[in-house]
C-alpha cells in the first residue's frame with residue numbers, strides 16, 4: 001500500500017509562524033474570475049489582519065487592471081520576482097491546474113504558505129511532489145475545499161463522529177450540473193493536460209471531498225465513465241460505488257449533462273438520514289435531518305440545532321487558513337487531508353478505464369494512474385500518451 005512520505009529534505013527546525021504583531025501579507029496568483037469573485041473578497045473581508053500586497057498574472061494588462069481596480073499596490077507578471085521582492089506570508093493560487101505544482105513549489109520554497117484552487121494538480125505524483133516541499137510547522141500548501149467549512153457541515157460532522165445518528169449505512173454523493181457546447185469551446189477545457197479531468201475532477205471533487213470528510217476513509221471503488229455528449233478528451237459523466245472503512249456503501253454521480261442542476265450529499269444512518277442539497281454552497285437551511293421511527297422528538301430536535309449560520313464559502317476557508325498560518329498549524333486540506341480526496345478521484349478513473357475494483361493505497365509510483373489520471377488508457381488518454389504507454 002502506498003503511503004505519502006513526509007520527508008521534504010528541508011531543515012527540521014521551521015521558522016516561527018509569520019505575521020506576529022502585524023498583518024499577514026498576501027499575494028494573488030492569477031487574476032481571472034475566481035480570484036475576483038471569490039478569493040479577493042474573502043481576503044479583503046479579513047482586513048486589517050490580512051493585506052493584499054501583490055498580484056501576478058501572465059497578462060500585464062489583466063494584472064494592472066486587477067490591481068488598479070482593487071487597490072492592490074504591486075502588480076507583477078513574474079512570479080519568482082514577486083516572491084523575491086515582496087516576500088508574502090501567503091499566496092492564493094487561482095490559475096489553471098497545469099501550473100499549480102510549479103507555482104506551489106516556488107511559493108513554498110520562498111517561505112510562503114499556499115492556498116491553491118481545486119483541482120490541486122493533474123495527478124497524485126504532482127501532489128506528492130508539492131507536499132515534498134513542506135516542512136514541519138510550515139509553510140504548508142492547502143487545497144480549496146470550502147464545502148468542508150461552515151456551521152452545517154461542522155455540526156453534522158460532530159453528530160456523526162459522536163455516534164448520535166448511529167452507524168452510517170448507505171450514502172449518496174451527487175454533482176449533476178449542466179455545461180453546454182459553448183462552455184467547452186475554451187481550448188483548455190475538456191483536456192487532461194490543461195483541465196486535469198472532466199466533471200469527476202473539475203466539478204464533483206467538492207462534493208466528494210465533503211462526502212469523505214463526513215464519512216471517513218474509503219477502502220475500495222468500482223466505477224464507470226462515459227463521453228456521452230461532448231467532444232472532449234475527458235469524460236462528461238461518471239458513476240461509482242464506494243465502500244468505506246466503516247462498512248458504509250455509497251454511490252457517486254458526477255455529470256455536466258444535467259439540466260436540473262444540484263449538488264447533494266445524503267447519509268442514511270441507523271437512527272437518522274442526514275442530507276444537504278444545494279448548488280455551489282450550503283447554509284444551515286440546506287441541511288435536513290430525518291429521524292428514524294422511535295427516536296424521541298426532543299432528541300431529534302436537538303440534532304436540528306445548528307447554531308449560528310456560517311455558510312460554506314471561500315471566506316470561511318480563508319479565515320480558517322489564516323488562523324492556521326498564524327498558529328503554524330497544518331491546515332485540514334493539506335497533506336493527507338487533501339490527498340485522500342484526490343486519490344479517490346484517481347481511483348475512480350482507474351476503475352472506470354480498466355474495469356477493475358481499485359483499493360485505497362494501491363495507486364503509487366509505478367502505477368500508470370499515478371503520473372496521469374487517464375493512466376494512458378486506450379480511448380481515454382491523449383494520442384501521444386497512448387503511443388508512449390502502449
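A short reminder: the numbers here are calculations on the coordinates, not readings from a lab. What you see is a predicted model, and the numbers here were worked out from it, not measured in a lab. All Cβ positions, even for glycine, are placed from backbone atoms using ideal geometry, and neighbour counts span all protein chains on display.
Annotations for the structure displayed:
- Overall shape: oblate for segment 93-223, with the ratio a/c of the largest to smallest alpha carbon gyration tensor axis at 1.5 or above and b/c at least equal to a/b.
- When each of the peptides 59-65, 100-106 is scored by how many other beta carbons lie within 10 Å of its residues on average, the order from highest to lowest is 100-106, 59-65.
- Computed on segment 24-144, with alpha-carbon pairs under 8 angstrom and 6+ residues apart, the relative contact order is 23 percent.
- A simple spin-label model places the labels of residue 68 and residue 23 2.2 nm from each other, with each point 7 Å out along Cα-to-Cβ.
- For the chain: relative contact order, % (alpha-carbon pairs under 8 angstrom, 6 or more apart): 19
- Pair residue 231, residue 170: separation of 7 Å Cα→Cβ label points (nm): 4.2
- Separation between Cα centres of segment 45-122 and segment 218-276, rounded to whole Å: 33
- The chain: most fluctuating residue of 157, 191, 81 per GNM, C-alpha cutoff 10 Å: 81
- Ranked packing of 244-254, 201-211, 289-299, most packed first, by mean Cβ within 10 Å: 201-211, 244-254, 289-299
- Sites residue 241 and residue 193, calculated FRET efficiency, Cβ-Cβ separation with R0 30 Å, nearest 0.05: 0.55
- Label-to-label distance, nm, for residues given as residue 181 and residue 47 (7 Å Cα→Cβ offset): 4.6
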